[in-house]
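Asks: Got a structure for you, written out below as structure tokens; questions coming shortly.
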Amino acid sequence: MFGKCFDPTGATYGVPTYPWRYAPDGLATRRQLRARGLRPGGQPVAAQVLRPRYRRGPLVAYLYRVDRAKPVRPMTPGKRAALAKAMCARRTCPNCRTDAGYVIPTSLGMCVPCAYPEEQCAA
């Protein structure tokens, strides 16, 4: 398994490939960059990490160079208002037009009391 995932020259996959947890220093995933307050900033994928799985294809994580990463853009008041409005829309039941207090499940399409009214009367 280790041999299939180790290709530091990039001959097999087109980009340098390393096994899970064996990436060299100076490379990070998007989440790792975000934890440091950085973003890829338009740079191409520098390498990838593969985690083999037995019955399915391998898990792939793309790596970016930390020295080329840019700082995360600050949250603007307009962006904050837009996100608040979007979250409010996700919490509002389209059937009864009330704030459910949680994000409405897409499987139901409405709040739980509207989806199962007979169970709410019994309780």
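Asks: Does Arg31 qualify as being farther than 12 Å from Cys5 by Cβ, open to solvent by 80 Å² or more (accessible area, probe 1.4 Å) and at pLDDT below 95?
Replies: Numbers: farther than 12 Å from Cys5 by Cβ: yes; open to solvent by 80 Å² or more (accessible area, probe 1.4 Å): yes; at pLDDT below 95: no.
Against the criterion (farther than 12 Å from Cys5 by Cβ, open to solvent by 80 Å² or more (accessible area, probe 1.4 Å) and at pLDDT below 95), Arg31 does not qualify.
Asks: Find all pairs meeting these conditions: Cβ atoms under 8 angstrom apart; at least six residues apart or on different chains; first residue within region 67-85 and touching a residue at least 40 places away in the same chain (Cβ under 8 Å); second residue part of a helix (DSSP H, G or I) and open to solvent by less than 100 Å² (accessible area, probe 1.4 Å).
Replies: Ala69/Leu33
Asks: Kindly indicate whether any position in region 64-87 is of a type in the set (A, V, I, L, M, F, W, C), touching a helix residue (DSSP H, G or I) at 6+ places or on another chain (Cβ under 6 Å) and modelled with pLDDT of 90 or more.
Replies: The answer is yes, given that some residue of region 64-87 is of a type in the set (A, V, I, L, M, F, W, C), touching a helix residue (DSSP H, G or I) at 6+ places or on another chain (Cβ under 6 Å) and modelled with pLDDT of 90 or more.
Asks: Every residue in region 1-21 that is in contact with a Cys (Cβ under 8 Å, 6 or more places away or on another chain), more than 19 Å from Ala69 (Cβ to Cβ) and open to solvent by 30 Å² or more (accessible area, probe 1.4 Å), please.
Replies: Within region 1-21, just Trp20 meets the criteria.
Asks: Okay, next question. Condition first: free of Cβ contacts under 8 Å to residues at least 40 places away in the same chain, assigned to a helix (DSSP H, G or I) and not polar (S, T, N, Q). Now tell me which residues in region 1-33 satisfy that.
Replies: Those that are free of Cβ contacts under 8 Å to residues at least 40 places away in the same chain, assigned to a helix (DSSP H, G or I) and not polar (S, T, N, Q): Phe2, Gly3, Arg30, Arg31, Leu33.
The values are calculated or read from the model by the stated rules, or taken from the named source; none is laboratory data. Just so we're clear, the structure is a prediction, and the values are computed from it rather than from any experiment. Heads up, the Cβs are rebuilt from the backbone with ideal geometry, glycines too, and the neighbour counts pull from every protein chain shown. Accessible surface is based on the protein model in full, side chains and every heavy atom, while ligands, DNA and RNA are left aside. Shrake-Rupley method; radii C 1.70, N 1.55, O 1.52, S 1.80 Å.
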